[in-house]
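J.: Take this structure, written in structure tokens, and hold onto it; I'll ask about it next.
The numbers here are math on the coordinates, done by the rules we state, and not lab data. In this text, all values refer to a predicted model and were calculated from it rather than measured experimentally. Every residue, glycine as well, gets a Cβ built from its backbone with ideal geometry; the counts of neighbours run over all protein chains shown.
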Amino acid sequence: MSLASLSALILSALSVTLPTFGWVVLGALLARLGWLSPGLIDGFSRLAFRTALPLLLALGAAGVNLGALGGATYLLAGVLATLVTLGGAWCWGRWRGLSLPDLGVFAQAAFRSNLAIVGIALCHAAFGESGLRLAALPVALLTALYNVLAVWLLQHTLGGDPSLRGVLRGLLRNPLLLGILVGLAVSLSGVSLPPLAATVEGLLSRGFLPLMLVAIGGSLRLSALRHAGRLTWEATLWRLLIGPALGVVIALLLGVRGEALGVLFLLLASPVAAASFVMVVALRGNGTLAANIIVLTTLLSALSITAGFALLALLGLVPA
């Protein structure tokens, strides 16, 4: 391959990551300049988590053709990749001799990516509206799976209620999952959404997503990395490299190629979800470790995703 072709591939990959992580950097700069206060970030994040994101996910799930689930092999690849990553991280943590509370935080970070904000934004940047449509199913399915696994894992390792009743209680309090369930119910009912729904979905994806990315950047605390230890770096390695690599290998073995593979990679390669920190703190776990992992994966994911997407394009597995 010529230098010009390689440069074009890298630029193509950067066109996916820069629009997304540029907003994160902007948020960090605004917070640094004092133009984005912690109170404003907190209020905006609460609004996003309780209202805007559930609505966006509900609209996406409502437009999903559930009859196509049987042929959506990339969904199976996403589920298998999540379970294999969690199992591998758990075994790694046990081999490392981690305490049970730290093992729960580590294992959650290994499999739980930021699907609903960073992942969706990356898919939209890479493939436009078709990327959003392709991402709707895995975001709905994996968000539910992530929450089931995270609630069970953290309650098991942090002394909560690991019973089925406890898991269900935790799930039913999650606005993102409730939004997805409402959307799927609409899809199953066969009711057609009014034209206004498409307008609202477009406004949320093009207007609100960048604001949420700015809030993520504004909430980053780089000073926390001074206390980042080996476990933080190991969790980052699992989240940004090992987990996505396992997902791509599993998808390739199942015959997934093209945009579906690109969407799956971008979703699985996203940094750790901020909601993971909230859940750890709520159960009185190691919040410092959880926060450090979020910051480090968010900072380094711009590089890992760009390199990974460029490599997939170089191999002809995703459209450049």
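J.: Quick check: residue separation of Arg257 and Val148 times 0.36 nm, minus the Cα distance between them. What number comes out in nm?
T.: 36.4 nm
J.: Let me ask something else about it. With θ taken as phi - 60° and the coefficients 6.51, -1.76 and 1.60, list the Karplus ³J(HN,Hα) couplings across segment 49-57 in order, rounded to whole Hz; mark glycine and proline as x.
T.: 5, 8, 10, 5, 5, x, 5, 4, 5
J.: Next up: So what's Rg/Rh here for segment 13-314, counting alpha carbon atoms and using the Kirkwood radius for Rh?
T.: Dividing the radius of gyration by the Kirkwood radius yields 0.94.
J.: Where in segment 82-100 is the amide nitrogen less than 17 Å from a point lying 7 Å along the Cα-to-Cβ axis of Val249?
T.: In segment 82-100, the label zone of Val249 (backbone N under 17 Å from the point 7 Å along Cα→Cβ) covers 82-93.
J.: In segment 13-314, with Lys and Arg counted as +1 and Asp and Glu as -1 at Cβ, which of these residues, Trp90, Val25, Pro101, has the Cα nearest the positive end of the dipole, that is, farthest along it?
T.: Of the candidates, Pro101 comes out farthest on the positive side.
J.: Using unit Cβ charges (K, R positive; D, E negative) and no other charged atoms, how large, in debye to the nearest 20, is the dipole of segment 13-314 about its Cα centre?
T.: Dipole magnitude for segment 13-314 comes out near 540 debye.
J.: What list of ³J(HN,Hα) values in whole Hz, one per residue of segment 21-32 in order, does the Karplus curve 6.51 cos²θ - 1.76 cosθ + 1.60 (θ = phi - 60°) give from phi, with Gly and Pro shown as x?
T.: 7, x, 5, 5, 4, 4, x, 5, 5, 4, 5, 5
J.: Right, next: For Arg230 and Leu40, FRET efficiency with R0 = 45 Å and r from the beta-carbon atoms, rounded to 0.05?
T.: Computed FRET efficiency for Leu40 and Arg230 comes out at 0.80.
J.: Through the Karplus equation 6.51 cos²θ - 1.76 cosθ + 1.60, θ set to phi - 60°, convert the phi angles of segment 299-312 into ³J(HN,Hα) values in whole Hz; use x for Gly and Pro.
T.: Computed from phi, the couplings for segment 299-312 are 5, 8, 5, 4, 6, 5, 5, 4, 5, x, 5, 5, 5, 4 Hz.
J.: Be a star and scan segment 80-123 for residues whose amide nitrogen sits under 11 Å from the point 7 Å along the Cα-to-Cβ vector of Leu311.
T.: Hits in segment 80-123 for Leu311 at 11 Å: none.
J.: Between Arg32 and Arg173, what is the spin-label point distance in nm, taking each point 7 Å from the Cα along the Cα→C-beta axis?
T.: 3.7 nm
J.: Still on this structure: For His156 and Thr73, what is the calculated FRET efficiency with R₀ set at 30 Å and r taken between the beta-carbons, to the nearest 0.05?
T.: 0.45
J.: With the crude spin-label approximation of a point 7 Å out along Cα→Cβ, what separation in nm comes out for Leu193 versus Cys91?
T.: Modelled inter-label distance: 4.1 nm.
J.: Please check which bits of segment 282-309 a label hung off Ser15 would reach, taking the label as a point 7 Å along Cα-to-C-beta and the cut-off as backbone N under 19 Å.
T.: Hits in segment 282-309 for Ser15 at 19 Å: 303, 305-309.
J.: Between Ser37, Ser189, Ser301, which gets the highest mean-square fluctuation from a Gaussian network model of the chain, Cα cutoff 10 Å?
T.: Looking only at Ser37, Ser189, Ser301, the largest GNM fluctuation is found for Ser189.
J.: When the helices in the chain are scored as -39500 (n - 2.57) per DSSP H run of 4 or longer and the sum is shared across all residues, what 222 nm value do you end up with, to the nearest 500 deg cm²/dmol?
T.: So the helix-based figure for the chain works out to -24000 deg cm²/dmol.
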